[in-house]
Structure formats: structure tokens, C-alpha cells
Amino acid sequence: MHNKASLPQLLRYGILGIPLAFAGLPVYVHVPKFYTDTLGVNLALLGTVLLVIRLLDAFIDPLIGVVSDKLRRWRRTIMVLASPLLLAGYIGLFNPPSWAETNPLLWLVACLGIVYLAFSTLMINYYAMALDVAADYHDNTRAAAFREGSMLVGVLLASILPTVLLQHYDMPEAYSLFSFMLAPLLLIGCMATLIGVPAPRVRTKDSSPISFLQLLSDKPLRWVLFIGFCNAIPTAITSTLFMFFTSDVLKAEEHSGPMLAVYFLSAAAGMPLWSHLSVRYGKKFSLRLAMAVAIACFIWAWGLGGGDITAFYIICVLSGITMGADVTLLPSIMADTLTDKPEGTATAFGLWNLCSKLTMALAAGIALPLLAFGNYQPGAANTPEALAQLSMCYALLPCLFKAIAIVFLHISPLDKRNSA
């Protein structure tokens, strides 16, 4: 066991989360609207394509984890090589060439393939680094809080900047400028984190990565992966449908950026609260409480309509505060299950990414076709029935899956050391 993580170490570890989150949010939130509005891609077809490519991306993640564990001594080198690849794919995604207007899906698939490969490589190794920084049970929560707090900063930037740019430029030009902003953030983040974080811990010279079967034979790890999957589905659905909901149900497209900013600021503000509660009452109890409060807050969105802007801002604040527990405590519980498996951390977080991305694939592959089935058309004059279908998918489905996650968390053996 190494010494307790210092504040400078935690800050250096956390800073890479800013550019990674800055790159991640638009890929899930803005790409569907960008390609439907700018290049006229059919909504149902886009949902199918996103489902397929996200499934492929998700199942590659555990393999990236295995390779990363085998090469963990060169973790920094791997991350350095992945960074320019991410940047190139990301810029290409929002700067389609003229020929892509006649074949936009081909360009989308190529760019997303590059982005997903590089992004996954960086994220899996970044999460695995937490075990090199944290020293104990509560240190895992501190490392997760600094990482996720930094990622919330990146999400805030990614939420606000497109809205600001769209006030001065048309959509293609605005997103083009936005995509180039990733470059300085990624350079600074990589330099700070890769230089400042301790080298990966290796028990012996001949230590080998832990196999999938060895990892999945661990009961607590299986539970946390399953609960993480169930709990990520609500976020996946709301992320996919957020732009459509604010634009066509609330009639407040100009508020989408500020609303996301309020939501993620509230999540950042809630993180110290849930961290404190986890120390006093345990991570499991605190997470259950946060998830229950999230349902009570977010279910209001089902009844909202055009002009209910203030009410939705309130929902953003309250549900955002509860998100602070999701992003801090679940990864911390995951890290707790890996403290005695340093040779399998990247593989485990590859499985974690698999679960998370499967939820994004399900959100795109189920929610978007459901909207198309209900005759919803983005930006068009939709019928009340079509808008009701959108509201149901956006508000009720997430609450249902959150309730399922609460049940499984309650009966799980997780956090026995300090649970209520």
C-alpha cells in the first residue's frame, strides 16, 4: 500500500478529465442533431447506424483493456499515441467534406470509428490510473471525485460553447470551430496528468494480466458492473433525447446549453455532499438515497410542455445534484473491488466501458426508432401524440430503469465494509 494521495497528485490526475469529457459529450448529445439537421440523415436510419457502431465500439473495449494491462508499463506511451488520433477523428466528425453531403453515413461511421477507438483507449487507461493514485477505501472516492469533477468542467464547456457559437455562426461553422477547441485542452491535460501520475503498480516482474474469467468470477465486481449498467441507461436515454426534448417539447432550444450547464454545475456541487455522506453512512446507502431522490425529481419532466422553462431548470438543479453521487460513488465502489487486482484494472474498466456503452447503444437503437414510430420529426410541426411519445421516452423510461437499479443495489453484497 502506498501513501495517501496528496492534493497536487489528485489535481494532476483529475485534469485530463476536462478534455476527455469535452470530447465525449458532443459525440452522444450533438452528433444526432448535427447530422439530421445539417446533412439531412433520416432519424430512424441514424438510430440504427449508431446502434451498430456503438455496439461494435462497446465490445472492443474489453479487448483494449486486456492489451492495456499487458502493456501497462507503457501506459503513458499508449495514451500519448491515442491523443492525436482522437483529435483527428473528432475534428473530422464536425467538419465533413463536401462529398459527405451525398454519403454522410459513410463519413460518420469512419470518423466515429476513429474517435471511439482513441477515446476508449484513453478513458480505460485513465480510469485504471486511479488505482495508482488512490491508497485506500476513502482515497478511491477522492480520486473519483477529482476525476469526475474535472470531467464535469469539460462537460460544462462542451455544453455552453456550442450554444454561444450558434448565436454568431450557422450550425456547420459553429461546430467546426468548436471541434478545434479540443486541441489545446487535450495537450494541456495530457502533459499535466501523464507527467504527474505515479507509474502503474506491478507486483512482480513476471506478473500477468488477469483474464476475463478471473475478473468475472469475482462476485462484487459482477454486481457493480450490472448495477452500473442499469444505472447508466437513464443517463443514456436522456443524453440522446435531450436536444429533441428542449427544442420541440419545451420550445426552448436556446436554453439547451444553459440547462446542461446548470445540470452539470449542480452535479459538481453535489459531489462533496455525497462524498461526505459516504464517509459517514457508507457508499451503498448514500448511492441508494441519491438514486431515489433522482426519480422523485426527474419524473416531473413528464408533465412539462412548451414554455415550462423555469420548471425544467429546477429539475436540472435537483437531478444534477443527485448525479454527483452516480459519478463519484459508483466508480469508487468499482475501484474498491480492484484494490487487490492491480494487473486487471484496465481490463475491468474495459468491461465497465462495455456496460456503459451498451446503454448508449440501446438508447440510440431503441429510443430513436420509438420516436420515429410515434411519427416524431425533429424540428417539424409535430402532433400532440408525437410530442407525448417524446416526453414519455425522455422522462418515464429513465425513472423506470433507475428504480430497477435501486432494487439491485439494495440486494447486492457491495460495500459491506461500510454500508448502512
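The values are calculated or read from the model by the stated rules, or taken from the named source; none is laboratory data. It should be emphasised that the depicted structure is a prediction, and the values quoted were computed from it without experimental measurement. When we count neighbours, we look across all protein chains shown, and the Cβ atoms used for this are built from the backbone with ideal geometry, even at glycine.
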Taking Gly228 as the residue in question, decide whether it is surrounded by 19 or more Cβ atoms within 10 Å (Cβ to Cβ) and more than 20 Å from Tyr28 (Cα to Cα).
no
Looking only at the stretch 294-308, filter to residues that are surrounded by fewer than 16 Cβ atoms within 10 Å (Cβ to Cβ) and of a type in the set (A, V, I, L, M, F, W, C); which one of those is farthest from Gly228 (Cα to Cα)?
Trp302
Name the residue that is surrounded by the most Cβ atoms within 10 Å (Cβ to Cβ), counting only residues in the stretch 270-285 that are assigned to a helix (DSSP H, G or I) and of a type in the set (Gly, Ala, Ser).
Ser278
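Taking Gln389, is it surrounded by fewer than 18 Cβ atoms within 10 Å (Cβ to Cβ) and either within 30 Å of Glu254 (Cα to Cα) or small (Gly, Ala, Ser) (or both)?
Judged against the criteria, Gln389 is not a match.
Can you tell which of Ala145, Ala134 is crowded, with 18+ Cβ neighbours inside 10 Å, at pLDDT below 85, aliphatic (A, V, I, L, M) and under 18 Å from Ile18 (Cα atoms)?
When all the criteria are applied, what remains is Ala145.
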When you scan the stretch 37-53, do you find a residue that is without any contact (Cβ under 8 Å) to a residue 60 or more places away in the chain, under 27 Å from Leu166 (Cα atoms) and surrounded by fewer than 19 Cβ atoms within 10 Å (Cβ to Cβ), even just one?
yes
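Given the stretch 1-118, what helices (runs of 4 or more DSSP H) lie entirely inside it while holding 1 or more residues that are polar (S, T, N, Q) and over 18 Å from the mean Cα position of the chain (by Cα)? First the steps, then the outcome.
Values: elements: 7-15, 17-29, 31-39, 43-70, 75-93.
Once the helices (runs of 4 or more DSSP H) in the stretch 1-118 are filtered for at least 1 residues that are polar (S, T, N, Q) and over 18 Å from the mean Cα position of the chain (by Cα), what remains is 7-15, 31-39, 43-70, 75-93.
Which of the residues spanning the stretch 338-397 are of a type in the set (Val, Ile, Thr) and not in a helix (DSSP H, G or I)?
Hits for the stretch 338-397 are Thr339, Thr383.
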If you check Arg12 against the conditions, is it modelled with pLDDT under 85 and closer than 12 Å to Leu122 by Cβ?
no
Looking only at the stretch 15-26, which residues are crowded, with 22+ Cβ neighbours inside 10 Å and modelled with pLDDT under 80?
Pro26
